[in-house]
1. Looking at segment 249-283, which of its residues are more than 11 Å from the ligand (Cβ to nearest atom), part of a loop (DSSP other than H, G, I, E, B) and either hydrophobic (A, V, I, L, M, F, W, C) or not assigned by TED's automatic domain parsing to the domain that holds Ile119 (or both)?
2. Looking at (1) out of contact with any Gly (no Cβ under 6 Å at 6 or more places or on another chain); (2) over 27 Å from Lys42 (Cβ atoms); (3) outside any loop (DSSP other than H, G, I, E, B), which one does Phe152 not meet, given that it meets all the others?
3. Within segment 288-311, is there a residue that is more than 28 Å from Leu43 (Cβ to Cβ) and either out of contact with any Phe, Trp or Tyr (no Cβ under 7 Å at 6 or more places or on another chain) or β-branched (Val, Ile, Thr) (or both)?
4. Of all residues being among the polar types (S, T, N, Q) and either open to solvent by 50 Å² or more (accessible area, probe 1.4 Å) or modelled with pLDDT under 95 (or both) in segment 268-304, which is farthest from Ala192 (Cα to Cα)? Just the residue, please.
5. Is it true that some residue in segment 53-74 is among the small types (Gly, Ala, Ser) and in contact (Cβ under 8 Å) with a residue 60 or more places away in the chain?
6. If you check Val71, Val90, which single one turns out to be farther than 12 Å from Cys115 by Cβ, open to solvent by less than 40 Å² (accessible area, probe 1.4 Å) and at pLDDT 95 or above?
7. Residue pairs, Cβ under 8 Å, 6 or more apart or interchain, first in segment 191-216 and open to solvent by 70 Å² or more (accessible area, probe 1.4 Å), second in a loop (DSSP other than H, G, I, E, B) and hydroxyl-bearing (Ser, Thr, Tyr). List them.
8. Only one of (1) within 9 Å of the ligand (Cβ to nearest atom); (2) out of contact with any helix residue (DSSP H, G or I) (no Cβ under 7 Å at 6 or more places or on another chain); (3) modelled with pLDDT of 95 or more fails for Leu24. Which number is that?
Amino acid sequence: MDEDLLSKADVYDVIIIGGGPAGLTAGIYTTRARLSTLLVEKLGIGGKASITDRIENYPGFIGGISGPDLVHNMEEQAKSFGMRTVFGEVTRIDFNDEGNVKKVFINNEPEPYQCLSIIIAAGNEQRKLGVPGEAEYTGKGVSYCATCDGAFFRDLDITVVGGGDMALEEAIFLTRFAKKIYIIHRRDRLRATKILQERAFSDNKIEFIFDSVVDEIFGQAMVDGVKVRNLKTGEKEGLDVNGVFVFIGLNPGLSFLGNIVKKSEDDYIIVDKEMKTSREGVFACGDCCKKNLRQIVTACGDGATAAFSAQHYVERIKGEEYV
Ligand SMILES: Cc1cc2nc3c(=O)[nH]c(=O)nc-3n(C[C@H](O)[C@H](O)[C@H](O)COP(=O)(O)OP(=O)(O)OC[C@H]3O[C@@H](n4cnc5c(N)ncnc54)[C@H](O)[C@@H]3O)c2cc1C
């Protein structure tokens, strides 16, 4: 926690929930607008970008940049303008207050942090397979992060489950370590960007198993294999692998919000083009919003817009708006 944190009795201009690319960009913009800003992060600064080895599609970095380096720079940049950070999970927000003050509760503590505006930048979470053995072997061969765990699988056979950008990017990264990688995908073609498909198809360490799903992960102390079922033929086979990397999509993890802002059927936050939610003084940005393209560059763009809207809201309720 930053040493110069205001006490919980003080009222921040903005509290940002989530320290991924969206939240950090919002922090750069709110602090440069001289709004007192507290960012709350439950895990580690950087969000999902911090577990991505190489980002090739963030503009300005020919040849790419490592995810951890990119988000470290964003964090330092926001801090250099005065953003404060506290580690903890936002568990509740209370709006039933006078004077526009909103209360943000962390780790179920009784005493909240207070603010005039909130920017939700809570991202989303990787989807689980939901098959027997997955929970039991998580950390024992089952992983959701190639950057974190890839090196444990040097010269071993592994499987990557999924057919989108995340699955192919991570499988290509894992070729540095693994002997053989089976990519298991439930359909007969891939959703991933063409350049990633070309790289994966031309890599002789990678073999595709199409039209198939993993029914079970088994082993003893560690993973020894998976049971694979072909969806077209119904045929089942065991595949001997020591690692299972799951990249089958993302789900929002916004239960702490309850019904305080309007959400879509699939539980993402609905925002307008200014990143305003259905609740006055509450803005949202990045992967937690209902939108088509969830990437770092779009998260950053959303973060800047949300901060700009929060700035105008705060200045308006303080009677300082430049009109
Ligand atoms: C494996 C993988 C590879 C990817 N590769 C690329 C790529 O090459 N290029 C690209 O542009 N994008 C890539 N992406 C997507 C990119 O990482 C995301 O679009 C981006 O990180 C979204 O940023 P965000 O800030 O909206 O959300 P996130 O990065 O998800 O950050 C949200 C943060 O909020 C925190 N949080 C959530 N709930 C709470 C709470 N209640 N209290 C406090 N904190 C909370 C989380 O801990 C997290 O740190 C990849 C994603 C994955 C998973």
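The values are calculated or read from the model by the stated rules, or taken from the named source; none is laboratory data. Everything numeric in this text was worked out from a predicted model, so none of it was measured. FYI the Cβ positions are ideal-geometry reconstructions off the backbone, even for glycines, and counts take in every protein chain you see. The accessibility values were calculated without ligands, DNA or RNA, using every heavy atom of the protein model including side chains. Shrake-Rupley method; radii C 1.70, N 1.55, O 1.52, S 1.80 Å.
1. Within segment 249-283, Ile260, Val261, Ile270, Val271, Met275 qualify.
2. It is condition (2) that Phe152 fails.
3. Within segment 288-311 (the criterion being more than 28 Å from Leu43 (Cβ to Cβ) and either out of contact with any Phe, Trp or Tyr (no Cβ under 7 Å at 6 or more places or on another chain) or β-branched (Val, Ile, Thr) (or both)), the answer is no, since none of the residues qualifies.
4. Taking the candidates together, the pick is Ser278.
5. Within segment 53-74, one or more residues are among the small types (Gly, Ala, Ser) and in contact (Cβ under 8 Å) with a residue 60 or more places away in the chain.
6. Step by step, each of Val71, Val90 is checked, and only Val71 is farther than 12 Å from Cys115 by Cβ, open to solvent by less than 40 Å² (accessible area, probe 1.4 Å) and at pLDDT 95 or above.
7. Nothing qualifies.
8. So Leu24 meets the others, but not (2).
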